[in-house]
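What follows is one structure encoded as structure tokens, with my remarks underneath.
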Amino acid sequence: MSRLPSTTKALSLGLAGYGEMRPSGRKQKDVVAANFPHIFNITNDVDIACTGAFAGHGGLLLLAGTGSVAWVVNGKGEQDRVGGWGSLFGDEGSAFWIGRQALSLLAMLLDGRNQKDWAFLEPFADVLGLSSKANSYDAGLMEWYSRLENPRASVASLAKTVSDLAEQGIVPAQRIMVEAAALLGAHITAARRKFPDTSLPWSYAGGALQSRLLRETLAAHHGAPLVPRLPPVGGALLNAAQMAGWNPDERWICKTAATLRLAGISS
């Protein structure tokens, strides 16, 4: 915080889990408040992402990265969420969920509980760097897992592989992605139920929803999503601009989006 210039007019932060009053969240807020008592705003990171996706207007953001959550804002200052319970008893349809389902399917193929989805075995095992020699998968899978420095992130990263295999026509991978879409779709349905009198568009964020297959499957049941106007960091910039008394109009939104893209920051 001390590195910010003295001319800073506004500071907007989106913190994971903020609003749930976790000890870490309270500590972070106290640090910011002590340094910038009058010019800061702290909110949930998904709230920031929703602000960016709809450029400050109402909407429903479905975020599916390592976890999964839907954040809905009705444009009247009211907001609510669905999901975001964490990997122990939530995060259905997330990248972590997809990766875990794929590993579970691989394990069942290895020990014989699954006798029908062999098309999934070799291409998925190849991605993990497992030997294709007979009877060598079993030990290799556990060795692969034991080497992971960040198991949750590494398992989540497998979602792209599953999506790619699904697009190549591997039926078991397609089944996982369709089930993920159904679970994420339940987030959209429940979130829309929060404000039944308001017709709200939906948009997306997070690595899992970079999957075209996943978005198209969701669109078939819930309507086509809006492409996010700004990435999450753009939502923080929009909040800060408003706090500073600026007028972040349509031109400002477009220019900020273009600048962030040039910097390699996109939705």
request  = Would you mind stating whether L88 is under 18 Å from the mean Cα position of the chain (by Cα) and modelled with pLDDT of 70 or more?
outcome  = yes
note = Only one of (1) more than 26 Å from A102 (Cβ to Cβ); (2) at pLDDT 95 or above; (3) β-branched (V, I, T) does not apply to T198, and that is (2)
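Suppose we filter segment 46-99 for residues that are touching a Pro at 6+ places or on another chain (Cβ under 6 Å), under 21 Å from A182 (Cα atoms) and of a type in the set (V, I, T); how many remain?
Initially, segment 46-99 is screened for residues touching a Pro at 6+ places or on another chain (Cβ under 6 Å), giving 48-49, 52-53, 59.
Within this subset, residues satisfying the condition of being under 21 Å from A182 (Cα atoms) are 59.
Right, trim to of a type in the set (V, I, T) and you get none.
Residues in segment 46-99 being touching a Pro at 6+ places or on another chain (Cβ under 6 Å), under 21 Å from A182 (Cα atoms) and of a type in the set (V, I, T): 0 in total.
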key: Filtered residues of segment 215-250 (kept if part of a helix (DSSP H, G or I), in contact (Cβ under 8 Å) with a residue 60 or more places away in the chain and touching a helix residue (DSSP H, G or I) at 6+ places or on another chain (Cβ under 8 Å))   = L218, P232, V233, G234, G235, A236, L237, L238, N239, A241
task = Select from segment 81-127 the residues that are among the hydrophobic types (A, V, I, L, M, F, W, C) and surrounded by fewer than 20 Cβ atoms within 10 Å (Cβ to Cβ) and list them in ascending order.
result = W85, L88, F89, L103, A107, M108, L110, W118, A119, L121, V127
message = Regarding segment 253-263, can at least one residue be identified that is part of a loop (DSSP other than H, G, I, E, B), under 23 Å from the mean Cα position of the chain (by Cα) and closer than 20 Å to T43 by Cβ?
response = no
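Go through segment 81-115 and give me each residue that's free of Cβ contacts under 8 Å to residues at least 24 places away in the same chain and assigned to a loop (DSSP other than H, G, I, E, B).
W85, G86, L88, F89, G90, G112, R113, N114, Q115
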key: Members of segment 167-196 that are surrounded by 15 or more Cβ atoms within 10 Å (Cβ to Cβ), touching a helix residue (DSSP H, G or I) at 6+ places or on another chain (Cβ under 8 Å) and under 22 Å from L61 (Cβ atoms)   = M177, E179, A180, A181, L183, L184, G185, I188
message = For the list (1) closer than 13 Å to G56 by Cβ; (2) more than 17 Å from the chain's Cα centre (by Cα); (3) surrounded by 15 or more Cβ atoms within 10 Å (Cβ to Cβ); (4) of a type outside the set (F, W, Y), I need the number of the one condition that H222 fails.
response = (1)
ask   = Is it true that some residue in segment 8-15 is within 30 Å of S163 (Cβ to Cβ), at pLDDT 75 or above and not acidic (D, E)?
value = yes
Hits in segment 109-145 (condition: on the phi < 0 side of the Ramachandran plot, modelled with pLDDT under 90 and small (G, A, S)) = S131, S132, A134, S136, A139, G140
Odd one out for Y18, checked against (1) surrounded by fewer than 18 Cβ atoms within 10 Å (Cβ to Cβ); (2) assigned to a loop (DSSP other than H, G, I, E, B); (3) at pLDDT below 80 = (1)
task = Being free of Cβ contacts under 8 Å to residues at least 60 places away in the same chain and among the hydrophobic types (A, V, I, L, M, F, W, C) is the filter here, so list the residues in segment 156-195 that pass it.
result = L165, A166, I170, V171, V178
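The values are calculated or read from the model by the stated rules, or taken from the named source; none is laboratory data. Owing to the predicted nature of the structure, the values given are computational and were not obtained by experimental measurement. So basically every Cβ, Gly included, is an ideal-geometry build from the backbone, and we count neighbours across all protein chains shown.
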